[in-house]
């Protein structure tokens, strides 16, 4: 039975300060705390074909894919514009690479194997005009676009990927092809690419119009 | 049937702050989960609109209650904050009693309500800090990837905690029969006296002077009388 009334203790503010402390510690240590890592994958496993840790972002739904009618148009300021069917694309020289996918909002997916066609092989085939500086990639969702410079696209690890981890891209991952440019955040890695237009300037893409930086290089 | 006797529990300022915060929180939770869970995000047509709503709700979650506090009855809000902050032996006993089934004599808020309120305040600040890191990375310039990654992880994990805390709050304050009288208090400002006597006896005593005599030895420090 209580006989004395001890002084009040400031528990409320301690809870608040404690949460701020844990939050700050989490920002500093975060993912190095291995026990937390399984929690991070919690969301992506719910109701998606990709349980690898991808969150699925769309701006205009997921477009359907029909291999019989799908075309990749490469045009604009090039000497040899071309139109590739899915079979044509698969007949180009194929390549494979390992990578990590980083989203600008903070999540990432490690240990991915991408297979597809190097952008340098496409550049070689279409021969951009000397005045061309950039390319705009269009998504078949009808809304999403983004640009990369020809210099950025000429790096050997930039590819149009049609497969991930040994299987064709899932629909929500950009089937049939998406751009993979590993040094840049995911918003440059346009999904459902169906047109590449060469231009003489960087045409702001979907998110860049809405405030994102044009250069999406990831800072280590 | 007789009308139950009512006592004033939350004034207009307190209710306005609560509901403004609640609406902003729900918009944040709904847009946040929709952006976060692939099962929802892949079918929602405009991620841009979701994000703008999320950021706007975050802005109003902090500014609207502040504005209401400035224009309204600041003293009652300050008194509530004080009650949440200050714990006495009875609050510690409450947590123990809840487990062991002893009768309790809470004041204006019981220890569980105090914990919830402190969690809400703490989580709002952690959400703000981690959200600012994410927004800076997206809209102004890129921060080191590890920093953004960690901030995003904390933001996400806290969302789950906040979701379950909110579900618990809704259940206890609005659904669970013994305690759902609370909702009337937050909607109309008044609660039944007999309910208050059972669940917040020392508060009732402090505002009416008509609490159970056995409790009178405790100082009435749980709240300023409500106008």
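The values are calculated or read from the model by the stated rules, or taken from the named source; none is laboratory data. The structure displayed is predicted, hence computed values, not measured ones. For neighbour counting, all protein chains shown are included, and Cβ atoms are generated from backbone atoms with ideal geometry for every residue, glycine included.
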- Filter pass, residue B:58 being over 17 Å from residue A:16 (Cα atoms) and assigned to a helix (DSSP H, G or I): yes
- Task: Just need a number here: residues in the range A:195-218 that are surrounded by fewer than 19 Cβ atoms within 10 Å (Cβ to Cβ) and under 21 Å from residue A:126 (Cβ atoms).
- Result: 6
- Item | Qualifying residue in the range A:204-220 (condition: within 18 Å of residue A:74 (Cβ to Cβ) and away from every other protein chain (no Cβ under 14 Å)) | no
- Take the residues in the range B:26-39 that are touching a helix residue (DSSP H, G or I) at 6+ places or on another chain (Cβ under 8 Å) and surrounded by 18 or more Cβ atoms within 10 Å (Cβ to Cβ), then tell me which one is nearest to residue A:173 (Cα to Cα). B:38
- Note on the structure: Of the listed residues (B:95, B:71), the one being modelled with pLDDT of 95 or more, surrounded by fewer than 17 Cβ atoms within 10 Å (Cβ to Cβ) and more than 15 Å from the chain's Cα centre (by Cα) is B:71
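Residue-wise test of (1) within 18 Å of residue A:102 (Cβ to Cβ); (2) more than 10 Å from chain A (Cβ to nearest Cβ); (3) modelled with pLDDT of 95 or more.
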| position | (1), (2), (3) |
| --- | --- |
| B:118 | no, no, yes |
| B:139 | yes, no, no |
| B:162 | no, yes, yes |
| B:176 | no, yes, no |
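Residue B:44: out of contact with any strand residue (DSSP E or B) (no Cβ under 7 Å at 6 or more places or on another chain) and either buried (at least 19 other Cβ atoms within 10 Å of the Cβ) or not in a helix (DSSP H, G or I) (or both), yes or no?
Judged against the criteria, residue B:44 is a match.
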- Of A:104, A:100, which residue is closer than 27 Å to residue B:143 by Cα, in the same structural domain as residue A:197 (by TED's automatic domain parsing) and out of contact with any strand residue (DSSP E or B) (no Cβ under 6 Å at 6 or more places or on another chain)? A:104
- Message: I'd like to know if the range A:97-107 contains one or more residues that are more than 24 Å from residue B:47 (Cβ to Cβ) and either in a strand (DSSP E or B) or at pLDDT 95 or above (or both).
- Response: yes
